[in-house]
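Peer 1: This structure is in structure tokens; I'll ask about it shortly.
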Amino acid sequence: MPIILGRRVIVFISVLDLFKIGVGPSSSHTMGPMVAANRFMHDVEGVVANNHNSDLTINCTLRDSLAYTGIGHATDKAIALGIHGYLPNTVIDENLDELIEKIWSKKSVSVQGSGSCNFSPKSNIIFDTKNSFKQNPNGMIFELINSSKEVLLTQTFFSIGGGFIVTAKEIENGDRPTRKRGKSKHPYPFNNSKEMLEMSANSKKAIWQMKEANELCNISQDELNSKLDDIWHAMKSCVENGLNNEGILPGGLNTVRRAKKLYEQLNNDSENTTVSDWLCAYAMAVNEENAAGHMVVTAPTNGAAGVLPATLYFFYKHKAAKPEQIRQFLLTSSAIGGLIKYNSSISGAEVGCQGEVGSASAMAAAALCDVRGGTSKQIENAAEMSLEHHLGMTCDPVKGLVQVPCIERNGFGAVKAYTASSLALRESGDHLISLDECIEAMRKTGLDMSDKYKETALGGLAVSLIQC
């Protein structure tokens, strides 16, 4: 969370907040709404306790991008799970198809220690495509009403990407997760890449070392290492699960899983494979798992969950990465991801896919450059180059599913990350456009971009397929 230095607000987004272990297919449309619904139910408990004999009903209204692509992103299922007490990290080992089938037929939900409320996913989750919010395109309104249609409790949440949520009041107060004010004890508080490079030069510390020092103000070294290892093991499992699974992805597009077959071909013809081949196989494996609703890690989002794990898995599998290098990779990438999230967005519904795959590619490029021996200036250069070549990328998922073009796009994002890393390592790190300027260009491009291309499935490939 942000901190104050003098009169200036300073950002601090933990690596453990940026990388969340959860389930697919979307961090903003699945994980965020599930967390919001769960959080609303905690508020419901107190109200129901004082109205335990009343006939109470819970409604949830989804707007904007959540309304347009909520079905394809399983937003309604996520809301139902959250209302029934589940969270993204608690359903990882569940059979989600069976669990959703079980709760979908229920007409009520138990409220801990207070009785129950009426809630049917089929009738109490409303997709409102006629009304919009000004604050954010991923809005949802929860209401607790009595038999007289009197609203006893209401809360508006916004899912702002990467599984982060905020309330309408928090946005009005400027208290987004990356903008809250608090006291500082972090030794290296940087808001942008310019400050990051200056602090690195003055302290003679690498970016990952500064990020680690900030993290250690809130957590012990052993616990940080353990949690970073958990994140890596989850990423590694995502890649390997995807490489071993086949079949048709859910949703109605009849999208065939391709990663396993591609991986087998590469292994059978290893002499003729390229880095790009391996990266595409690994990234597509993760995003096929995401599209199936299986376990993934927000990196920084679910829609872009394959880029960074693929790049790291390549370094692990083909370059014999050591555990300390893997932690270093995660710390550096989170430093870059935090800057992008704070100064622009990682949400496809806000700025298009440039904010998802573009951000992930920049994070992966920086981290790979780091573990390959890059200087801080080269690392910043790698991030900028990779992000620069995603500017303007739209988010136009066909049928509102995180499949086409999302799965392949993660492979290309990983390839660009590797290319940017290699190019940066061959140069001094001096370059014309800074990462800060590139992030600002992405933010402004997102503002100018039509809503048709920001995760609404109303333009681009999402309609071209239907028209052809």
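Peer 1: With respect to Leu368, is the statement that it is touching a Phe, Trp or Tyr at 6+ places or on another chain (Cβ under 8 Å), closer than 21 Å to Ala206 by Cα and not small (Gly, Ala, Ser) true?
Peer 2: Yes; evaluated as a whole, the condition is true for this residue.
Peer 1: Turning to a different aspect of this structure: Suppose the filter is modelled with pLDDT of 95 or more, more than 20 Å from Asn51 (Cβ to Cβ) and touching a Pro at 6+ places or on another chain (Cβ under 9 Å); does Gly82 pass it?
Peer 2: Here the answer is yes, as Gly82 does meet what is asked.
Peer 1: Continuing with the same structure: Given (1) crowded, with 20+ Cβ neighbours inside 10 Å; (2) touching a Cys at 6+ places or on another chain (Cβ under 9 Å); (3) closer than 18 Å to Lys77 by Cβ, where does Ile126 come up short, assuming only one miss?
Peer 2: (1)
Peer 1: While we're here: Output the residues belonging to segment 198-221 that are within 26 Å of the chain's Cα centre (by Cα) and assigned to a helix (DSSP H, G or I).
Peer 2: Ile207, Trp208, Gln209, Met210, Lys211, Glu212, Ala213, Asn214, Glu215, Gln221
Peer 1: How many of the residues making up segment 55-94 are of a type in the set (D, E, K, R) and assigned to a loop (DSSP other than H, G, I, E, B)?
Peer 2: The total comes to 3.
Peer 1: Working only within segment 56-73, note down all residues that are more than 25 Å from Ser116 (Cβ to Cβ) and either surrounded by fewer than 20 Cβ atoms within 10 Å (Cβ to Cβ) or more than 21 Å from the chain's Cα centre (by Cα) (or both).
Peer 2: Matches in segment 56-73: Ile71 only.
One line per residue, one yes/no per condition, for (1) under 19 Å from Ser237 (Cβ atoms); (2) surrounded by fewer than 24 Cβ atoms within 10 Å (Cβ to Cβ):
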position: His318; (1), (2): yes, yes
position: Val351; (1), (2): no, no
position: Ala364; (1), (2): yes, no
position: Asp370; (1), (2): no, no
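Peer 1: Does Arg39 satisfy the criteria of being at pLDDT 95 or above, out of contact with any Leu (no Cβ under 7 Å at 6 or more places or on another chain), under 30 Å from Cys238 (Cα atoms) and of a type in the set (Lys, Arg)?
Peer 2: The answer is yes for Arg39.
Peer 1: Which residues, counting only those in segment 146-175, are under 16 Å from His29 (Cβ atoms) and either more than 29 Å from the chain's Cα centre (by Cα) or surrounded by fewer than 17 Cβ atoms within 10 Å (Cβ to Cβ) (or both)?
Peer 2: Residues satisfying the conditions do not exist here.
Peer 1: Also, I was wondering about something else. Of the numbered conditions (1) buried (at least 24 other Cβ atoms within 10 Å of the Cβ); (2) under 15 Å from Ile407 (Cα atoms), Met235 satisfies every one except a single condition; which is it?
Peer 2: (2)
Peer 1: Counting only residues that are under 20 Å from His29 (Cβ atoms) and not charged (D, E, K, R), how many does segment 335-385 have?
Peer 2: Selection size over segment 335-385: 17.
Peer 1: Another question about this same structure. For segment 273-330, which residues satisfy the criterion of being touching a Leu at 6+ places or on another chain (Cβ under 9 Å) and outside any helix (DSSP H, G or I)?
Peer 2: Scanning segment 273-330 gives Thr273, Ala292, Gly293, His294, Val297, Thr298, Ala299, Pro300, Ala321.
Peer 1: What residue, among those in segment 419-444 that are surrounded by fewer than 16 Cβ atoms within 10 Å (Cβ to Cβ) and of a type outside the set (A, V, I, L, M), is farthest from Ser344 (Cα to Cα)?
Peer 2: So, considering only residues that are surrounded by fewer than 16 Cβ atoms within 10 Å (Cβ to Cβ) and of a type outside the set (A, V, I, L, M), the one farthest from Ser344 (Cα to Cα) is Arg426.
Peer 1: Among the listed residues Thr255, Thr273, identify the single one that is closer than 12 Å to Phe314 by Cβ and surrounded by fewer than 23 Cβ atoms within 10 Å (Cβ to Cβ).
Peer 2: Thr273
Peer 1: Any chance segment 74-91 includes a residue that's among the hydroxyl-bearing types (Ser, Thr, Tyr), surrounded by fewer than 24 Cβ atoms within 10 Å (Cβ to Cβ) and within 18 Å of the chain's Cα centre (by Cα)?
Peer 2: Looking through segment 74-91, at least one residue is among the hydroxyl-bearing types (Ser, Thr, Tyr), surrounded by fewer than 24 Cβ atoms within 10 Å (Cβ to Cβ) and within 18 Å of the chain's Cα centre (by Cα).
Peer 1: How many residues does segment 369-390 contain that are under 17 Å from Pro300 (Cα atoms) and assigned to a loop (DSSP other than H, G, I, E, B)?
Peer 2: Of the residues in segment 369-390, 1 are under 17 Å from Pro300 (Cα atoms) and assigned to a loop (DSSP other than H, G, I, E, B).
Peer 1: Filtering segment 372-384 down to residues that are without any contact (Cβ under 8 Å) to a residue 60 or more places away in the chain and polar (S, T, N, Q), which residue is surrounded by the most Cβ atoms within 10 Å (Cβ to Cβ)?
Peer 2: That would be Asn381.
Peer 1: Can you name every residue in segment 390-415 that is closer than 24 Å to Trp208 by Cα and either among the hydrophobic types (A, V, I, L, M, F, W, C) or surrounded by fewer than 24 Cβ atoms within 10 Å (Cβ to Cβ) (or both)?
Peer 2: Selection gives Ala414, Val415.
Peer 1: Only one residue in Val286, Val296 is closer than 30 Å to Leu66 by Cβ, under 13 Å from the mean Cα position of the chain (by Cα) and of a type in the set (Val, Ile, Thr). Which one?
Peer 2: Checking each option against the conditions leaves just Val296.
The values are calculated or read from the model by the stated rules, or taken from the named source; none is laboratory data. All values derive from a computational prediction rather than experimental measurement. Here the Cβ is made from the backbone with ideal geometry for all residues, glycine too, and neighbour counts use every protein chain on show.
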